[in-house]
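Quick note: the coordinates plus some simple rules give every number you see, no bench work behind them. Quick caveat, the model's predicted, so the values are computed rather than measured. Every residue, glycine among them, receives a Cβ derived from its backbone with ideal geometry; neighbour counts consider all protein chains shown.
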Amino acid sequence: MKIHINGTAYPLASKQSITLTNALTLHFAQPQKSTFAVALNGDFVGKGDYEHTIITAGDSIDVLQPIQGG
Amino acid sequence: MSLNIYGTQLDSRLLIGSALYPSPEVMKQAILASESQVVTLSLKRQNPNEQSGQQIWDYLQEIVADNFAYLLPNTAGCKTAKEAVTLAQMSREIFKTDWIKLEVIGDDYNLQPDPIELLHAAEQLINNGFKVLPYCTDDLVLCQRLYDLGCEVIMPWASPIGTGKGLMNPYNLETIRLRLPDATLILDAGIGKPSDACLAMEMGYDGVLLNSAIALADQPALMAKAFSQALQAGAQAYAAGVMPQRQTAHPSTPTLDTPFWHQPNYQ
């Protein structure tokens with residue numbers, strides 16, 4: 001069983017669930033040093049909700065950061 | 001004269017993009033030379049192994065602070081209302097602004113906005129407290145619908161993004177200005193030359209948003225200055241009142257006592 005963060009698959013034990021805060025540590029070691037926002041399965045999740053948001057197998061997380069744009 | 005964006009009065013009528021410059025330093029020079037007070041930017045997937053993304057963001061914040069400018073995040077890359085709404089919410093959290101340049105693309109070939117999804121997204125975002133600046137086609141009825149929803153700023157395209165083809169349909173753009181006299185109209189996308197921007201201002205548009213025309217110039221900072229001056233010239237011309245076109249020639253020099261004047265049949 002897996003979850004995906006920005007398209008990269010990370011293994012998750014069957015029936016295991018983790019918080020979004022924990023899931024983000026799979027993506028980067030020090031999230032507090034980056035500017036980013038998160039969507040779970042296409043829906044925005046505010047920073048204040050990371051700790052209460054449960055991630056289960058099959059979930060897809062997008063972590064976005066600022067970039068130049070027109 | 002000033003540009004009104006949801007009650008915020010700006011001296012500059014130029015909104016400038018932050019992409020495509022040959023280097024961050026050239027981007028900074030161009031933004032400063034443009035005297036623009038609104039800088040657009042976007043969001044992308046973060047790569048945890050890449051530090052340059054955070055560095056660019058830190059640099060952009062510095063430029064915006066130095067120039068007392070505002071950030072205008074966009075929803076580039078979105079193809080549905082749902083994607084655009086999610087991206088707008090993520091942008092609001094990061095950039096701490098309710099302003100959103102709403103882009104919902106309906107065609108990959110010419111990057112034409114999808115009017116149906118655009119309306120759905122605009123409605124949801126307005127209900128969610130956003131101040132929406134929709135990028136749309138030059139369709140009068142679409143612009144009217146967006147305005148009726150509560151979009152105080154409407155941004156019809158001049159031509160497809162990045163083409164530099166200028167104003168494809170001046171009649172459409174003039175009609176939108178005529179029919180929506182109270183909307184803030186900003187011409188967005190497809191501007192190639194300062195004369196394009198000047199023409200939009202002469203039509204009574206309130207501002208112009210562009211990126212490629214400056215970023216892809218041989219000397220972006222010099223081009224940014226040229227655009228700034230063109231916008232000022234066009235806005236002043238509109239305020240001054242352009243003379244009506246006439247079908248026939250009219251001499252400007254007084255004809256009374258014209259030297260060497262003679263009747264055609266005079267011998």
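So which aspartates and glutamates pass the test for B:Lys79, namely a Cα distance under 18 Å, with those fewer than 8 places away in the same chain ruled out? Excluding near neighbours in sequence, the set is A:Asp43, A:Asp62, B:Glu103, B:Asp107, B:Asp108, B:Asp114, B:Glu117, B:Glu123.
Relative to the dominant Cα principal axis of chain B, helix B:220-240 is inclined by about 50°.
Using a cut-off of 15 Å between beta-carbons, work out the net charge of the residues near B:Pro220 (Lys and Arg +1, Asp and Glu -1, B:Pro220 not included). If you can, show how the numbers build up before the last one.
Details: positive: B:Lys28, B:Lys193, B:Lys225; negative: B:Glu25, B:Glu35, B:Asp218.
Net local charge, B:Pro220 excluded: 0.
Placing unit charges on the Cβ atoms of the charged side chains and taking the dipole of segment B:28-95 about its Cα centre, the candidate lying farthest along the positive direction among B:Ile56, B:Thr40, B:Thr86 is B:Thr86.
Relative to the longest principal axis of the Cα atoms of chain B, the long axis of helix B:24-34 makes an angle of roughly 40 degrees.
How many partner chain Cβ atoms sit within 10 Å of a residue's Cβ in peptide A:6-12, on average, as a whole number?
Values: counts 5, 1, 3, 0, 0, 0, 0.
Going residue by residue through A:6-12 and averaging, the value is 1.
Each of A:Ile5, A:Ile67 has some number of other Cβ atoms within 10 Å of its Cβ, and from fewest to most they run A:Ile67, A:Ile5.
Charge dipole of the protein assembly as shown (Cα centre as origin; +1 on each Lys and Arg Cβ, -1 on each Asp and Glu Cβ, all else neutral): 300 debye, rounded to the nearest 20. Computed from the C-beta positions of B:Arg45 and B:Val141, the FRET efficiency with R₀ = 35 Å rounds to 0.45.
What is the local net charge at B:Lys165, summed over the other residues whose Cβ is closer than 15 Å to its Cβ (Lys, Arg +1; Asp, Glu -1)? Here the count lands on -2. Among B:Ala224, B:Ala237, B:Ala200, the largest mean-square fluctuation in a Gaussian network model of chain B (Cα springs under 10 Å) belongs to B:Ala237. When only the Cβ of Lys, Arg, Asp and Glu is charged (+1, +1, -1, -1), the dipole of segment A:2-64 relative to its Cα centre reaches about 180 debye.
Quick one: length gained pulling B:Met243 to B:Asn128 fully straight, 0.36 nm per residue minus the C-alpha distance?
On the way: separation 115, 0.36 × 115 = 41.40 nm, distance 4.47 nm.
Result: 36.9 nm gained on full extension.
For chain B, set up a Gaussian network in which alpha carbons nearer than 10 Å are linked by springs, and say which option among B:Tyr109, B:Tyr171, B:Tyr59 fluctuates the most. Between B:Tyr109, B:Tyr171, B:Tyr59, it is B:Tyr109 that shows the largest mean-square fluctuation.
Exposure proxy shown here: for A:Phe36, B:Phe227, A:Phe44, the number of other Cβ atoms within 10 Å sets the order, fewest to most, as A:Phe44, A:Phe36, B:Phe227.
Evaluated at q = 0.07 Å⁻¹, a Debye calculation over the C-alpha positions of the protein assembly as shown (equal weights, vacuum) places log10 I(q)/I(0) at -0.35. Computed over chain B with a Gaussian network model linking Cα atoms closer than 10 Å, the most mobile of B:Ile126, B:Ile186, B:Ile176 is B:Ile126.
Centre-to-centre separation between the Cα atoms of segment A:40-65 and those of segment B:84-116: 20 Å.
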